[in-house]
1. Against the definition (over 14 Å from the mean Cα position of the chain (by Cα), more than 16 Å from the ligand (Cβ to nearest atom), surrounded by fewer than 24 Cβ atoms within 10 Å (Cβ to Cβ) and part of a helix (DSSP H, G or I)), how does residue 479 come out, yes or no?
2. Please identify the pairs in which a residue from the stretch 412-425 that is farther than 28 Å from residue 655 by Cα has its Cβ atom under 6 Å from the Cβ atom of a residue that is assigned to a helix (DSSP H, G or I) and of a type in the set (D, E, K, R), counting only partners at least 6 apart or on another chain.
3. Starting from the stretch 390-401, keep only residues that are more than 11 Å from residue 372 (Cα to Cα), then list their pairs with residues that are of a type in the set (Gly, Ala, Ser) and within 16 Å of the ligand (Cβ to nearest atom) whose Cβ atoms are within a distance under 7 Å, requiring at least 6 positions of separation or different chains.
4. Can you pull out every residue in the stretch 779-809 that is crowded, with 22+ Cβ neighbours inside 10 Å and out of contact with any helix residue (DSSP H, G or I) (no Cβ under 9 Å at 6 or more places or on another chain)?
5. Scan the stretch 786-809 residue by residue and report those that are at negative phi and in a strand (DSSP E or B).
6. Since residue 537 meets every condition but one in (1) surrounded by fewer than 21 Cβ atoms within 10 Å (Cβ to Cβ); (2) part of a helix (DSSP H, G or I); (3) among the β-branched types (Val, Ile, Thr), which condition does it not meet?
7. With 307, 347 as the choices, which residue is charged (D, E, K, R), in contact with a Gly (Cβ under 6 Å, 6 or more places away or on another chain) and in contact (Cβ under 8 Å) with a residue 40 or more places away in the chain?
8. Filter the stretch 249-302 down to the residues that are among the aliphatic types (A, V, I, L, M), assigned to a helix (DSSP H, G or I) and in contact with a Leu (Cβ under 8 Å, 6 or more places away or on another chain), then identify the one that is farthest from the ligand (Cβ to nearest atom).
Amino acid sequence: MRLSLLTSLPLLGLAAAEDGLQAWLRYAPVPSANSIVLPTAIRALNATSGSPVYTAQQELQRGISGIFGKQLGTNGSTTANSSSLIIGTLDAYESLHGALEGAADLQDDGFYLSASGQSVTIVGRNERGALYGAFEYLSRLAQGQNVTTTTISNPQVPIRWTNEWDNMDGSIERGYAGSSLFFRNGYAVDNVTRVAEYARLLASLRINGMIVNNVNANATLLNDRNLEGLGRLADAMRPYGIQLGISLNFASPRDFGGLNSFDPLDPKVDAWWANVTNVIYSKVPDMAGYLVKANSEGQPGPLTYNRTLADGANMFARAVNPHGGLIMFRAFVYDNHINETNWTADRANAAVDFFQHLDGKFDENVVVQIKYGPIDFQVREPPNPLFSTLRNTSTSIELQITPEYLGQNDHLMYLGPLWKEILEADLRADSQPSKVKDIVSGQRFKRPLGGYAGVSGVGANTTWLGSHLAMSNLYAYGRLAWDASQDAEEVLQDWIRLTFGFDQQVMDTITDMSMKSWPAYENYSGNLGIQTLTDITYTHFGPNPASQDNNGWGQWTRADKDTIGMDRTVKNGTGNAGQYSFEVAQMYENIETTPDNLLLWFHHVPYTQRLKSNKTVIQHFYDAHYEGAATAQQFVQQWQSLKGKIDAERFESVLFEQTFQAGHALVWRDSISEFYHNLSEIADENNRVGNHPWRIEAEKMTLSGYKPYAVSPFHTASGAMAIVTTSNITAGTATANVTFETGTYDIAVNYFDLIGGRSTYQLDLGNQTVGRWVGNHEDTLGHAPSTYLDGHSATRITFKGIDVRQGEVLRITGQPDGIEPAPLDYISFLPPGIVD
Ligand code: GCV
């Protein structure tokens, strides 16, 4: 019998191409399908189209059809038989069947899931809870589990929202996956298909609210056309139990409403907001509330009128209160013009300084939304001291799913462990257990509200975040927001199973890579609590440690020839350690008890300071950078070992990213090591820094149509120099005789891929063309672009296993394009096992 290609593919074990759009809701067949007992029909206790229970019924049909190939019928309002799945709210269920044992403890959004043979009961405290129960059931089936027990699950927090930083023009601040799902050309989109698909993904994670526009808000969101548009967006989310909210621009009454003021205590302003709010609720009756960034990074706020931040927040709180709305008021308020010559100035103090005296002055429907650390989503920060400072104010934690400072989804970065470390941190308020997760749940200080805000960054790219592997972060965010006690690795493994299937090697490999990803990135970016060391005044992507200092942004390292670190002690520094509760303050105040990974966050020390490992600070820097970059090289081999076990589309896409990361990790390693080597003049004990025996520097080759170019920052090019073509039209060549011994080498070319041009390159050895490539990262990578030769554009391409003869001519030809002058840094000839 001849099999058609289509039917033979699964038999051969080849996975069909996947573009990522279904994320963890792929409902792929499971190996244990035959042993799983399923109901024969679904009975939904609310069949109103658009209700979450109706959505749940559809999702159950879709999921069971995908996983098992079975089409479950619905038996509407007829009585369920013993092989039915019943789904509905607790009230609906109990009015038909009487009290449901065990369900009395259900809270809002909580669910009860029980299965016995073919009989399955899914009941939610509300409709949303029923939908969550359906997703839980499907998640277990999709992971090959037979559901045989009873589960009652309640959320730890009421607020589980995403914050989308989408602009009205369709761009996304700190987004790396294409354009906005919500806005285009100044208006809310007409086609809401992707909005609904996104809401479906989020509902499966039990997210219940979404702020759809950037906190750097544009008042035109409030024009008539956009208010209609918000109604449309909300309608697309409602079937998934997701409430829409919006960010507001504080100056809207003046800049959009035609008033001459935006003073929160001016009755005209108050009335204006009340009116606008009423109109919004007429379009979006279940609007979740407003998110407000005030008096921060140039955004307007109440301080303009000498009113307090609480005055500002409460103005909005009054407007939404009659509608049951919430105000998420951001604690990310700081002065970005502080003076580094003042050794007591400290941006890390800002949140407590601005909010401490306002504790208890916010209306009950205000929640102060606090970034996890005191600065800004850095690779390592201590928990924000404001969490244990506000006792009479509801708070939420802001986490960043889109890794703005952490590789922008071109570097693998599983954030679950970072978030867990913050959430599990015990801030010891009044010397009592005070974990961050228990503070933001409201439990520790007995607050009625609390929760999570996840800055997502999803865009129109089918991978949602610009990288298949990055989706573990969106998944983990939802899971931890529901129950922060979950283990980050277990959560990750659920995601792997749902996203990539059941192969043990796939599971082990992605687990290993993901769990190593944060330590690796920390190692080759910024260590010991010095922050990420990226370029904070430009793209936040590549290395540029000098950009941290000598400006008013306050992300200082205070590095000089002999010393480094912020002195945040009370006795001698900015006093930031004293913002923590007594026991934590003591730990950070004392250099002996400060953990090494926060040493430079709290202390200013000589490079020769010994760590608990007995290494000096500077040697730790060097070693960590080499170690982190080496781990990133291994990720490529690890991923390659999965060839054939993952569909080609996702395999190639991730391989491309890992290859990029491996090259860029070397840029980071060399750049940071070189910077501190140059500054401190302390040699690497292992003689690696500044010593690159396998490189041919482009500027030392014979150049025709190319010229040397001094790169800035100097440490982002090997030997501080690169070459660029002398014209932006004519190709240049760089040639050299190979002096390395005859043998087989990997040949790596480091070059710069700028936005604004797609230069083409050819590498020849003697008469052999080794390879051709195009500098087109603007088309293939999602990170923030650079128009310069620098640490953001620096990258590497490698040609493997090339036979090389000593003495033959190496030639690179570069054809410039647009503003990109085919820039080249160096060529490495790498014998097996060498990375240089
Ligand atoms: C939305 C950092 C980011 C900004 C962001 C800001 C904030 O400064 O770089 O892009 O603006 O935080 O959280 O408000």
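1. yes
2. Going by the 6 Å Cβ cut-off, the qualifying pairs are 423/437.
3. 401/454; 401/456; 401/457
4. Answer for the stretch 779-809, where residues must be crowded, with 22+ Cβ neighbours inside 10 Å and out of contact with any helix residue (DSSP H, G or I) (no Cβ under 9 Å at 6 or more places or on another chain): 782, 786.
5. Selection gives 794, 795, 796, 797, 798, 799, 800, 802, 803, 804, 809.
6. Unmet for residue 537, out of (1) surrounded by fewer than 21 Cβ atoms within 10 Å (Cβ to Cβ); (2) part of a helix (DSSP H, G or I); (3) among the β-branched types (Val, Ile, Thr): (2).
7. One residue alone meets the criteria, 347.
8. Applying the first criterion (among the aliphatic types (A, V, I, L, M)) to the stretch 249-302 yields 251, 259, 265, 269, 271, 274, 276, 279-280, 284, 287-288, 291-292, 294.
Of the ones still in play, those that are also assigned to a helix (DSSP H, G or I) are 269, 271, 274, 276, 279-280.
Subset that is in contact with a Leu (Cβ under 8 Å, 6 or more places away or on another chain): 269, 276, 279-280.
Details: 269: 23, 276: 22, 279: 26, 280: 22 Å.
The qualifying residue farthest from the ligand (Cβ to nearest atom) is 279.
The values are calculated or read from the model by the stated rules, or taken from the named source; none is laboratory data. This structure is a prediction, so every number in the text was calculated from the model and none was measured. A quick note on method: Cβ atoms are made from the backbone with ideal geometry, for glycine too, and the neighbour counts reach across all protein chains shown.
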